[in-house]
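Participant: Sharing a structure, written as structure tokens. Questions coming.
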Amino acid sequence: MLHHKRISSSARAMLAVLKSAGRRNRSRCHNVGDVKLLTVLIAACLTVVTGLIDRAQGEDHCSEHRYNDSLVSDYMQFTKEVADREYGVLGQFKSLHCCAKGYRSIEWFKNGQPYPWGGDISSLIVYPEAANQTIYTHRISETDIGNYSCVLRNDTSIIRHDIELRIQEDKPDYPLPTFKPKDMIINLGETARFYCEAFVGKLDLPDATNKIVWMQMLDDKPASIVDANQLNVSREDGQIIGSYLSIPKIQPHHYGRYRCQITSGNLERPLELGMELSPAQVTAVEDPELDLLGLIIIAIVVMALLVILALIFWKGQLKEHNDNRCSAQFIADNDV
């Protein structure tokens with residue numbers, strides 16, 4: 001993140017100097033050719049600097065806000081939430097991310113066709129500095145629309161995630177979801193993390209703001225969440241906004257339904273995304289299995305009882321036989 005801020009501040013300073021120099025030189029230059037040349041140079045510098053900023057944002061995306069589990073484990077996994085759908089504005093920068101670790105390779109596909117792609121398929125290219133976790137284009141076009149897939153591989157496993165990329169105007173009628181929070185089953189005392197995200201476009205008015213609020217639904221009524229932390233984030237020049245809800249230690253009152261409400265100053269109505277947090281439960285045995293198990297147990301008990309009765313009967317018979325022998329011997333001895 002510091003790297004990104006450093007590049008961004010330096011880039012903005014460079015742009016300010018170039019624009020100031022351009023204004024001064026335009027007032028001094030009498031040669032139209034010199035003015036045109038200076039304009040071309042400024043435009044070229046602007047393109048380079050913008051590219052540096054965009055690339056830094058792509059690099060930072062996968063290094064920030066990672067799952068806690070991914071920081072202490074090495075197996076192949078996604079290290080943060082991966083969007084299911086993405087929106088881009090024609091002619092603007094656009095990137096797709098599959099943040100992961102523990103992989104031997106990451107392959108990208110568009111509509112089933114492997115990367116690299118020709119210009120007639122997609123203008124998106126891999127960003128090597130992000131270990132191929134990011135693909136991007138400086139200017140998205142209609143050709144780039146489609147279904148993208150990232151495929152993680154190691155020596156034993158394969159993980160795949162699909163992302164649908166659409167073109168959208170920079171002022172949508174309402175927030176468009178890019179990542180919906182998932183229902184979760186978590187034990188008491190464990191941690192929980194939820195995320196919601198939407199494309200909201202650019203704000204028209206200087207005083208317009210974006211807002212994301214997490215609420216717990218109690219009897220279908222929104223209520224504030226106890227013992228939880230909320231962190232709002234944005235990317236792609238604020239056109240996509242998201243929010244993390246973290247609960248450090250799950251207590252009984254945390255279980256239930258939640259709602260993420262995303263509101264933008266541009267838009268007519270908010271977006272509401274729901275999810276449910278449930279405790280872990282032992283799966284009940286289905287009725288047919290329960291009946292079979294009961295029959296087996298009953299059969300075992302009956303067999304055990306039969307064996308016990310047989311032993312008792314055998315011992316009784318043996319005792320009676322011994323008693324008869326003793327009686328016969330006693331009579332014989334007396335006769336003598």
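Participant: Select, from 194, 199, 179, the only residue that is under 20 Å from the mean Cα position of the chain (by Cα) and within 11 Å of residue 273 (Cα to Cα). Break it down stepwise before answering.
Facilitator: On the way: 194 fails: within 11 Å of residue 273 (Cα to Cα); 199 fails: within 11 Å of residue 273 (Cα to Cα).
Answer to the selection: 179.
Participant: Filter the range 256-269 for residues that are surrounded by fewer than 16 Cβ atoms within 10 Å (Cβ to Cβ) and of a type outside the set (D, E, K, R); which is farthest from residue 228 (Cα to Cα)?
Facilitator: 265
Participant: Hey, can you tell me all the residues within the range 166-186 that are β-branched (Val, Ile, Thr) and outside any loop (DSSP other than H, G, I, E, B)? Before you say what the answer is, go through the steps one by one.
Facilitator: Restricting attention to the range 166-186, the residues satisfying the condition of being β-branched (Val, Ile, Thr) are 167, 178, 185-186.
Result: 167, 178, 185.
Participant: Let me ask something additional. Could you check the range 105-164 and list, in sequence order, the residues that are of a type in the set (Phe, Trp, Tyr) and not in a strand (DSSP E or B)? Walk me through it before giving the result.
Facilitator: Of the residues in the range 105-164, the ones of a type in the set (Phe, Trp, Tyr) are 108-109, 115, 117, 127, 136, 148.
Correct list: 115, 117, 127.
Participant: Taking the conditions exactly as written (within 24 Å of residue 98 (Cβ to Cβ) and out of contact with any Ser or Thr (no Cβ under 6 Å at 6 or more places or on another chain)), does residue 192 satisfy them or not?
Facilitator: Numbers: within 24 Å of residue 98 (Cβ to Cβ): yes; out of contact with any Ser or Thr (no Cβ under 6 Å at 6 or more places or on another chain): yes.
For residue 192, the condition - within 24 Å of residue 98 (Cβ to Cβ) and out of contact with any Ser or Thr (no Cβ under 6 Å at 6 or more places or on another chain) - is met.
Participant: Within the range 127-161, count every residue that is over 13 Å from residue 99 (Cα atoms) and surrounded by 14 or more Cβ atoms within 10 Å (Cβ to Cβ).
Facilitator: Total satisfying the criteria: 11.
Participant: Would you confirm, using the coordinates I've provided, whether residue 206 is surrounded by fewer than 20 Cβ atoms within 10 Å (Cβ to Cβ), in contact with a strand residue (DSSP E or B) (Cβ under 8 Å, 6 or more places away or on another chain) and either modelled with pLDDT under 95 or in a strand (DSSP E or B) (or both)?
Facilitator: On the way: surrounded by fewer than 20 Cβ atoms within 10 Å (Cβ to Cβ): yes; in contact with a strand residue (DSSP E or B) (Cβ under 8 Å, 6 or more places away or on another chain): no; either modelled with pLDDT under 95 or in a strand (DSSP E or B) (or both): yes.
So residue 206 fails the test.
Participant: Moving on. Quick check on the range 111-126: of everything there that is touching a helix residue (DSSP H, G or I) at 6+ places or on another chain (Cβ under 7 Å) and closer than 13 Å to residue 96 by Cα, which residue is surrounded by the fewest Cβ atoms within 10 Å (Cβ to Cβ)?
Facilitator: 123
Participant: Look at residue 103 and say whether it is of a type in the set (Phe, Trp, Tyr), buried (at least 20 other Cβ atoms within 10 Å of the Cβ), over 23 Å from residue 140 (Cβ atoms) and in contact with a strand residue (DSSP E or B) (Cβ under 6 Å, 6 or more places away or on another chain).
Facilitator: Values: of a type in the set (Phe, Trp, Tyr): yes; buried (at least 20 other Cβ atoms within 10 Å of the Cβ): yes; over 23 Å from residue 140 (Cβ atoms): yes; in contact with a strand residue (DSSP E or B) (Cβ under 6 Å, 6 or more places away or on another chain): yes.
Considered against the rule, which asks whether it is of a type in the set (Phe, Trp, Tyr), buried (at least 20 other Cβ atoms within 10 Å of the Cβ), over 23 Å from residue 140 (Cβ atoms) and in contact with a strand residue (DSSP E or B) (Cβ under 6 Å, 6 or more places away or on another chain), residue 103 comes out as yes.
Participant: Could you run through the range 101-122 and say how many residues are under 14 Å from residue 162 (Cα atoms) and touching a residue at least 40 places away in the same chain (Cβ under 8 Å)? Give the steps one after another, and end with the answer.
Facilitator: At the first step, the residues of the range 101-122 found to be under 14 Å from residue 162 (Cα atoms) are 106-114.
Applying the additional criterion that residues be touching a residue at least 40 places away in the same chain (Cβ under 8 Å) yields 106-109.
Of the residues in the range 101-122, 4 are under 14 Å from residue 162 (Cα atoms) and touching a residue at least 40 places away in the same chain (Cβ under 8 Å).
The values are calculated or read from the model by the stated rules, or taken from the named source; none is laboratory data. Computed from a predicted structure; not experimentally measured. Reconstructed Cβ throughout: ideal geometry from the backbone, glycine too, with neighbour counts over all protein chains shown.
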